[in-house]
Amino acid sequence: MYHAKLPLKRLMAGILAMLAIVACSSCHDNDDEVAEPDYEKVADHTILMYMVGDNNLSSLLENNVRQAHRAILDSVEVGALNLVVMKDNKQDGDDLPKLYWVHRNAAQQLDTVMLQSWSEDIDMADPDILASVIKTTFTRFNTPIKGIVLASHAAGWVPVTTNHHYDAPRRKAFGYDQNNQHEVTGSIELWDLAQAMRQGPKLDYIIMDCCHMGNAEVAYELRDIARYLVASSLEVQGAGMPYRKVFTMLSRCKSPSDLPAALDYSMRSYYDENAPYGSSKKGASISLYDLTLMTQLASSYQQLIRSNASRLASLSEADGPTIDDWLNCFQPLGRESSGIHYKYYYFDIQDVINWLGETDAANANAALQALQRVVLKEYHSTQFYSEIIIDHHCGMAVTLPETLHLANEPGYRQFFSAYASNAAGLLAAYHLTAWGGMMGY
């Protein structure tokens, strides 16, 4: 058969066309291969869980972490939230500190990326460790929304104690790290906690999953560190926050303006699981504060203290029964039972403002208005354990330093003792808080 020869140009054109078809076909074949998104860039929101669990809370905090993992796996939209966990506990085979990032991948499974691990135990209640972890987390995840959860033992501003309920000596402000030993090796004073957190970026919110951090002293100390604070004026129940619900809701926040509603839902979830008092429920209190408004509250409260100087001075030398009569004016928020000694130190701040306002109505009204702006939401049961009947609660507590001298009086079991053996030393500790220093006690 005769074959006509194709011109060279037509032959080359045909070859190029065939190559183009093959190339296009190859591209089409790869359409089903979906690349994993860069979750670090996708997320609008990063939460750091700082879990100081090398103590008797170990199993409870470990369960909190599992709940957080479950929220990410089951409920949180892929890439919606960067969950970073810093934990130290006493779990067999998992007792060394580690910092890791958890996210759900496109295959609907959890990916864990180790950010830092330690070959030996560390003191997670060391301010330098906390500052380093915060900087590491939010340098890598510089998202529009930044939040932190602090979980461990705590007790507001309270300094070193020899309270027999815990191994002593220890500091009570936040944290309780035993370094896998019986002895406590560290904890963080309130002023050191704030200084450590200032080493990182401004946060949008702090959730204090620990006892007695819902007070004026703590809120004022943290006023420049975050916009919002979630904390309890009472002790926090051992199980802590219901993280599966909390993180599911927080993950839906697309901007900081979404946070108040999400934090409110988180608080109600905690409250619903622990109150009202009865049966296995022991009661609860939980509040949401706007920390940016604490300066206004502190200023009005300071004026009230100054105008009541003589009244307060007489109480600073009063005996125990006289102090007890005076404290009947205020809703108590601390209990004294089974080695827990908070009875003389936490009272509803609105009651205190009203008492101070008996001689200074103008500044009392200003303080009450500021308080209402600071406390955005609050929930409380009518009873806490069997010891505290809660007739009312504005959502914030405060310490009355006039009670501190009772540490010297026989028959009055006090929470503080190791920090100082006398009232003057204990008062000096209170001065180290920004709130106490400003009030000039």
Computed lengthening from residue 107 to residue 329, 0.36 nm per intervening residue step minus Cα-Cα distance:
73.9 nm
Selection from 117, 79, 138 lying farthest towards where the dipole of region 44-144 points positive, charges on Cβ:
79
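Could you calculate the FRET efficiency of residue 255 with residue 319 from 1/(1 + (r/R0)^6), where r is the beta carbon distance between them and R0 is 51 Å, rounded to 0.05? Present the calculation step by step, with values, prior to reporting the outcome.
Values: r = 55 Å, r/R0 = 1.08.
That pair, residue 255 with residue 319, gives E of 0.40.
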Rounded if a/c is under 1.5, else prolate if a/b beats b/c, else oblate: with a ≥ b ≥ c from the C-alpha gyration tensor eigenvalues square-rooted, which is region 182-304?
rounded
With all protein chains present, how much of the accessible area of region 244-305 (probe radius 1.4 Å) comes from carbon and sulfur, to the nearest whole percent?
49 percent
Using the per-residue mean of other Cβ atoms lying within 10 Å as a proxy for protection, in what order, highest first, do the peptides 363-372, 221-230 fall?
221-230, 363-372
Which order do you get for 431, 393 if you rank them by accessible area with a 1.4 Å probe, largest at the top?
431, 393
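How much length is gained if the chain between residue 142 and residue 431 is pulled fully straight, taking 0.36 nm per residue apart and subtracting their Cα-Cα distance, in nm to one decimal?
100.5 nm
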Taking a ≥ b ≥ c as the square roots of the Cα gyration tensor eigenvalues, with a/c under 1.5 meaning rounded and otherwise prolate when a/b beats b/c, else oblate, which class fits region 76-138?
oblate
Estimated distance in nm for a label pair at residue 386 and residue 224, the labels positioned 7 Å out from Cα along Cα-to-Cβ
4.8 nm
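What is the extension gain from residue 114 to residue 239, computed as 0.36 nm multiplied by their sequence separation minus the C-alpha to C-alpha distance, in nm to one decimal?
42.4 nm
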How many nm is it between the label spots at residue 359 and residue 100, if each spot is 7 Å from the Cα in line with the beta carbon?
6.0 nm
Using a 7 Å offset from the Cα along the Cα-to-Cβ direction at both residue 306 and residue 281, what is the distance between the two label points in nm, to one decimal?
4.5 nm
Which residues qualify? For residue 149, with a placed amide H closer than 5 Å and at least 5 residues away or on another chain, they are 48, 49, 50, 207
Could you list, in their original order, any pairs among 245/343; 202/254; 202/282; 281/377; 202/245; 281/343 whose Cα atoms are separated by more than 23 Å?
245/343; 202/282; 202/245
Which order do 394, 329 take by accessible area at a 1.4 Å probe, largest first?
329, 394
Once amide hydrogens are built 1.01 Å from N within the peptide plane, the residues lying 5 or more places from residue 187 or on another chain with amide H under 5 Å from its amide H are 171
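The values are calculated or read from the model by the stated rules, or taken from the named source; none is laboratory data. Please read these numbers as outputs of a predicted model, since none were measured by experiment. As a convention, Cβ positions derive from the backbone with ideal geometry for all residues, glycine included, and neighbour counts pool all protein chains shown. Heavy atoms of the whole protein, side chains included, go into the accessibility calculation; ligands, DNA and RNA do not. Shrake-Rupley method; radii C 1.70, N 1.55, O 1.52, S 1.80 Å.
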